[in-house]
Amino acid sequence: MPAEDRYPRPAAPETPLVANGYLQPGSAVRRQSASLASTMTVGVRANTRSTLLPRALEVDVDTAAQEIMALSSEIAATLPVGHEAAERTRHLLNKAQNILQSDPSRTAEVDYYLQQVRRIVQRTRQTHTYSAIYQRRLFIYLTAWVAFAIVALLARYLLEDALLTFLENLFWTGRDAPWVKFGPLVFGAFFAGALGGAVSVLLNMRRHAAQEYGYFDRKYGLRGLTLPLLGALFGVVLALLWATVSYFLALDAANIWLGALPALVAFFVGFSQEWLYGAR
């Protein structure tokens with residue numbers, strides 16, 4: 001059986017078009033006249049779209065102008081000229097000021113720009129607060145490193161015999177063993193490198209804080225945390241190399257000058273790390 005006979009189509013009623021271009025409700029096809037497109041574009045919907053955002057708020061023009069001047073002064077005092085946030089803030093304040101001068105009735109737009117500037121100023125104040133916290137904690141950390149390193153170096157040179165006895169008991173061997181004989185040398189170079197790194201960061205912190213826009217952020221704090229450790233690590237590597245040379249050349253490890261040489265080199269290298277790494 002053909003499909004036309006199996007599924008016969010119902011006869012559609014003849015419905016005349018109405019005047020505005022639509023069919024009656026019973027029709028299956030809906031037609032629209034071309035005149036409706038222009039009516040919807042510029043008619044009621046356009047008026048509704050124009051009232052979505054208010055153009056005026058209850059904002060005093062003089063108060064807004066004073067706030068613009070206050071925000072501009074605060075940004076100039078807290079951020080450098082080339083800073084991205086400072087440039088964006090100046091751009092927003094200039095737009096708000098131009099709107100106030102050209103059309104004072106558009107106070108809603110002025111308040112929108114001022115809200116963005118207020119957020120930038122709030123983040124700048126938070127930057128100042130966190131910078132003070134980073135500086136204080138980093139200063140305590142580095143001061144502790146300096147004090148600990150000085151005490152350890154004094155103990156290394158004033159109580160060397162007690163240090164050798166401690167190493168004998170630790171490794172269960174005599175003083176002729178290389179790791180006992182050259183232990184004070186490695187011990188002194190470790191703390192000398194840490195002392196140089198900590199003193200260098202403390203001096204650089206003082207120089208950085210004296211700048212006009214010297215902030216202490218996480219990047220600076222991480223660098224301050226790692227430089228004493230890197231100086232100590234370099235001191236250990238240098239001391240091990242020197243101990244190997246001294247062992248094969250049969251040099252006297254108890255000689256104070258031979259033991260102080262790697263410690264001095266480690267101190268100066270730890271002190272000059274920021275210049276070496278280009279992080280100053």
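The values are calculated or read from the model by the stated rules, or taken from the named source; none is laboratory data. From a predicted model like this one, the values you see are computed outputs, not experimental measurements. Glycine also receives a Cβ, built like all others from the backbone with ideal geometry; neighbour counts cover every protein chain displayed.
Could you list, in sequence order, the residues of the range 143-163 that are exposed (fewer than 12 other Cβ atoms within 10 Å of the Cβ), farther than 12 Å from residue 192 by Cα and modelled with pLDDT of 90 or more? Give the steps one after another, and end with the answer.
From the range 143-163, those exposed (fewer than 12 other Cβ atoms within 10 Å of the Cβ) are 151, 154, 158, 161-162; that's our starting set.
Add one more test, that the residue is farther than 12 Å from residue 192 by Cα, and what stays is 158, 161-162.
Correct list: empty.
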**OP:** Tell me which residues, restricted to the range 197-212, are in contact with a Pro (Cβ under 9 Å, 6 or more places away or on another chain) and exposed (fewer than 14 other Cβ atoms within 10 Å of the Cβ).
**Re:** 212
**OP:** Among the residues of the range 232-250, write down those that are surrounded by 14 or more Cβ atoms within 10 Å (Cβ to Cβ), aliphatic (A, V, I, L, M) and over 28 Å from residue 220 (Cβ atoms).
**Re:** 239, 240, 243
Original post:
Regarding residue 136, is this residue over 20 Å from residue 273 (Cβ atoms), modelled with pLDDT of 90 or more, surrounded by fewer than 18 Cβ atoms within 10 Å (Cβ to Cβ) and not aliphatic (A, V, I, L, M)?
Top reply: yes
**OP:** Give just the number: which of (1) in a helix (DSSP H, G or I); (2) over 13 Å from residue 199 (Cα atoms); (3) more than 28 Å from the chain's Cα centre (by Cα) does residue 275 not satisfy?
**Re:** (3)
Original post:
Can you name every residue in the range 170-196 that is basic (Lys, Arg) and either closer than 14 Å to residue 146 by Cα or surrounded by fewer than 19 Cβ atoms within 10 Å (Cβ to Cβ) (or both)?
Top reply: 175
